[in-house]
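This report refers to the structure that appears directly beneath it.
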Ligand code: UD1
Ligand code: UDP
């Protein structure tokens, strides 16, 4: 019997972090031939993750362009994958989450009548324009998927409500926890000396990120103005902002947050230092999806710089609050967490609704089960 060919397709930083444990698990099984195709929707931010987890892609579409539009990404991924899928003829393509690579990857597989497995399936905000375009990407990917790997019970419920059959859904936990557990180290030393020198004992270190497309423009201006005001008024805080490589984010941040003595804008951190910095921070401010899953596992309060979330589990557990994108509310919530110890302690609980570090194992076991009767 020949091997089951599984082709993992991903292209951005978060997909790489969360697919790395799955790729490593696929590689362990004799009956599986694991093929990796990166679209490189991101370049530098993707490559650092590939290096960390020692993943050498078999195919690299290298599509990233500065300031790329959604149509450009979609069409370049579709055209590039057509050739690769024709050549490899995998039994199943695995895509992850909700990026444009995810949706275009699933569509390219569908066009070749290749089965799709969707890792991190079933997250829903309920608003097709927020996050944009991710909510549509994951819903559309779900329509093309044969095997849905749902991180939580809530994600599974969302899929059932959309008419997906229960036998096609596998509850796995989120592979983000698998990855996180591999990189957190008590005695971690940063390469960036600024991060070693921060006074973690006496100052409140606030780690922030911002990049969402629907926040570009006025919402991001409000967010940055709020953070600037709180930084100016509180000498005891130090804000660290590893900034996304998107030039639109960088220009606005330089304008509003630049030249402030307790705001440190630094280049994006590699995953290992970023995860360890989360572990040492006082709290997080973010519009990221993955950080809403990681920081609760580390017991760090998170203010989400968005109007909604598709990750309600940690909000229900009390570690995450939706701060929105209005200046006054963000200022008020930050001030509360900085000065009100009771409010802070109520949020600083390690909760882990997202997994136990075995999501990749469950994912691959389900794939083997799915193909067990097929003569590959
Ligand atoms: C993409 C995903 C988003 C995900 C995010 C993770 C889409 C539509 N968006 O958003 O869901 O949350 O990745 O970070 O799929 N850039 C570089 N080098 C890099 C990466 C980005 O220079 O390594 C710059 C480029 O100018 C690029 C821009 O950032 O054009 C935006 O990248 P893009 O992938 O289009 O969107 P993101 O905002 O990163
Ligand atoms: N991250 C990183 N370096 C950074 C910022 C974030 O490695 O400078 C990691 C973070 O730990 C998380 C992931 O990148 O695992 C989140 O990616 P991002 O915020 O770009 O995307 P999202 O999760 O919103 O899709």
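The values are calculated or read from the model by the stated rules, or taken from the named source; none is laboratory data. Worth saying up front: this structure is predicted, and the values here are computed from it rather than measured. Using ideal geometry, Cβ is built from the backbone for each residue, glycine included, and neighbour counts are taken over all protein chains shown.
Of all residues in the stretch 251-279 being more than 20 Å from the chain's Cα centre (by Cα) and assigned to a helix (DSSP H, G or I), which is nearest to residue 233 (Cα to Cα)? Walk me through it before giving the result.
We begin by selecting, within the stretch 251-279, every residue more than 20 Å from the chain's Cα centre (by Cα); these are 251-265.
Subset that is assigned to a helix (DSSP H, G or I): 251-257.
On the way: 251: 24, 252: 21, 253: 19, 254: 19, 255: 19, 256: 15, 257: 14 Å.
Filtering first and then ranking leaves 257.
Could you pull out the residue among 247, 296 that is away from ligand 2 (no atom under 12 Å from the Cβ) and either buried (at least 21 other Cβ atoms within 10 Å of the Cβ) or without any contact (Cβ under 8 Å) to a residue 12 or more places away in the chain (or both)?
296
Of all residues in the stretch 188-241 being farther than 24 Å from residue 324 by Cα and in a helix (DSSP H, G or I), which is farthest from ligand 1 (Cβ to nearest atom)?
Among residues in the stretch 188-241 that are farther than 24 Å from residue 324 by Cα and in a helix (DSSP H, G or I), the one farthest from ligand 1 (Cβ to nearest atom) is 197.
Please go through the stretch 81-104 and give me each residue that is more than 16 Å from residue 135 (Cα to Cα) and either under 22 Å from the mean Cα position of the chain (by Cα) or within 16 Å of ligand 1 (Cβ to nearest atom) (or both), ordered by number.
Within the stretch 81-104, 81, 93, 94 meet the criteria.
Please enumerate the residues belonging to the stretch 115-134 that are touching a strand residue (DSSP E or B) at 6+ places or on another chain (Cβ under 7 Å), away from ligand 1 (no atom under 12 Å from the Cβ) and in contact (Cβ under 8 Å) with a residue 40 or more places away in the chain.
117, 119, 121, 122
Does any residue of the stretch 41-56 turn out to be surrounded by fewer than 22 Cβ atoms within 10 Å (Cβ to Cβ), more than 16 Å from ligand 2 (Cβ to nearest atom) and touching a residue at least 12 places away in the same chain (Cβ under 8 Å)?
The answer is yes, given that some residue of the stretch 41-56 is surrounded by fewer than 22 Cβ atoms within 10 Å (Cβ to Cβ), more than 16 Å from ligand 2 (Cβ to nearest atom) and touching a residue at least 12 places away in the same chain (Cβ under 8 Å).
Can you pull out every residue in the stretch 292-305 that is outside any loop (DSSP other than H, G, I, E, B) and over 23 Å from residue 199 (Cβ atoms)?
Correct list: 292, 293, 294, 296, 297, 304.
Just to verify a result, which residue in the stretch 147-170, among those that are within 20 Å of residue 290 (Cβ to Cβ) and in contact (Cβ under 8 Å) with a residue 60 or more places away in the chain, is farthest from the chain's Cα centre (by Cα)?
154
Which count do you get for residues in the stretch 135-162 that are surrounded by fewer than 23 Cβ atoms within 10 Å (Cβ to Cβ), out of contact with any strand residue (DSSP E or B) (no Cβ under 8 Å at 6 or more places or on another chain) and under 24 Å from residue 108 (Cβ atoms)?
So the count comes out to 6.
When the residues of the stretch 325-352 are filtered to those that are at pLDDT below 95 and either closer than 16 Å to residue 174 by Cα or within 21 Å of the chain's Cα centre (by Cα) (or both), which remaining residue is surrounded by the most Cβ atoms within 10 Å (Cβ to Cβ)?
352
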